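To start, the structure itself, in structure tokens.
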Amino acid sequence: MTSRKKNKKKKTEAFTKVNPAYEQREKERKAAELELAIKRLAFQINQREQRAQELIIANRELAYQNEQKEKRAQELVIANKELAYQNEQKGQRAQELVIANKELAYQNEQKEKRAAELLAANVELAYQNQQKELRAQELVVANIELAFQSEQKEKRAAELAEAIKDLEAFAYVSSHHLQEPLRKIRSFLDRVLERDAQNLSEKGKYDLGRMDVATARMSQLIHDVYTYSRVNAIEPAFERVVAGSLIREVIMRLHDRLEEKGAIVVTDISEEVVVIPSQFRQIILLLLDNALKFSKPGVVPQIEILGKMVKGQDLDSNGLAPGENYCCIAVKDNGIGFDSQFNESIFGIFQKLHPVEEYPGTGIGLAIVRKIMNRHKGYVKAVGVEGVGSIVRLYFPVKQEQTDSRGEQGQ
């Protein structure tokens, strides 16, 4: 410190000692400066806190936007799959339309040919009326042609029977060979999930899970399609049985699943039916499976299976013969039901009223039920009330005609 500064400091100190008011003012000035500095510091801290809060809000918004993007990506994947499926269905329908148009053109051509043949036949008939001797010769020729056609029909019938056998064998082999790679795919998926679960992201695990569900559904679809194709392949060995005994067998078969759902099944049927027992069990199994599958969440499934004898003439149905008697088996449930506009369409093959993600299935079960009922020359009818439940009525003819091993007709 220079001598000048020292002198100045001494003078200031001396002045301060001499002027206490000046000292007081200096203290107040420094206090004011300190208070201002504190206020500025508090303001800066407040600004920093506000920025921190804004940053937290921005991070949350960014995380929400990322989550929404992922959801939209998943929705886009599902939408693309649905679009691909719809395009595939359109292609199939277009092919079916082409085939139908060809068939229609062929039928029209055949009609024109038949019309020309009829015209020629009329001319020939007039000519035969005039020429009796020629008519006798033509009759001989016609008999020869008829014998030839009968022989050709027998050959075609034999070829058709052989083709049906080949088709059944092909269906069985195709089902077996299609199921085998699906089983391998599911096996490899299980291995990956067990071995590399810790190395997979949640998205990867989710995608593999979806693949597993898809292969399981494909396997079930192949099984159901094969079952549908085999309905008419079973020999029509009709038996007169008590319906209640077959129904109880099916209930026992579903015991674990019924217990798991806590379902209550009430049945008291003493009526006898003339059925193919294995196919009757299959119908009841499919209907009970649907009743459990489409039960309302949180509500105990209640299923009633009732029976009674009815006359065809007392029922308003084009599928029943008025002069026949029928055994009606009704399966009623308290599930989710369905809109009455679908009472008929639900029996179509691959018809589903709900997304697979909500209620898994192939949409073939009720189609199998209808095909079996047609095999029994019976009728099936479904009535649903959305949110209340549904009832499916099966009408079996009391009498059935079948061919026994000797080729004789019996009842």
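Each row is one residue, and each column tells you yes or no for (1) of a type in the set (A, V, I, L, M, F, W, C); (2) closer than 30 Å to Glu202 by Cβ.
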residue	(1), (2)
Arg72	no, yes
Leu83	yes, yes
Asn87	no, no
Arg93	no, no
Val98	yes, no
Asn101	no, no
Glu109	no, no
Ala116	yes, no
Original post:
Which ones in region 298-312 are in a strand (DSSP E or B) and out of contact with any Ser or Thr (no Cβ under 8 Å at 6 or more places or on another chain)?
Top reply: Gln302, Ile303, Lys308, Met309, Val310, Lys311
**OP:** Run down Leu178, Leu146 and say which single residue is among the aliphatic types (A, V, I, L, M), at pLDDT 75 or above and in a helix (DSSP H, G or I).
**Re:** Leu146
Original post:
Could you say whether any residue in region 242-255 is part of a helix (DSSP H, G or I), at pLDDT 75 or above, within 24 Å of Gly335 (Cβ to Cβ) and in contact with a Cys (Cβ under 8 Å, 6 or more places away or on another chain)?
Top reply: yes
Original post:
Across region 254-273, what is the total count of residues that are within 20 Å of Arg393 (Cα to Cα) and among the charged types (D, E, K, R)?
Top reply: 3
Subject >> The listed residue being crowded, with 19+ Cβ neighbours inside 10 Å and modelled with pLDDT of 70 or more, out of Pro397, Pro322 >> reply: Pro397
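The values are calculated or read from the model by the stated rules, or taken from the named source; none is laboratory data. The model shown is predicted, which means the values in this text are computed figures rather than measured ones. Glycine also receives a Cβ, built like all others from the backbone with ideal geometry; neighbour counts cover every protein chain displayed.
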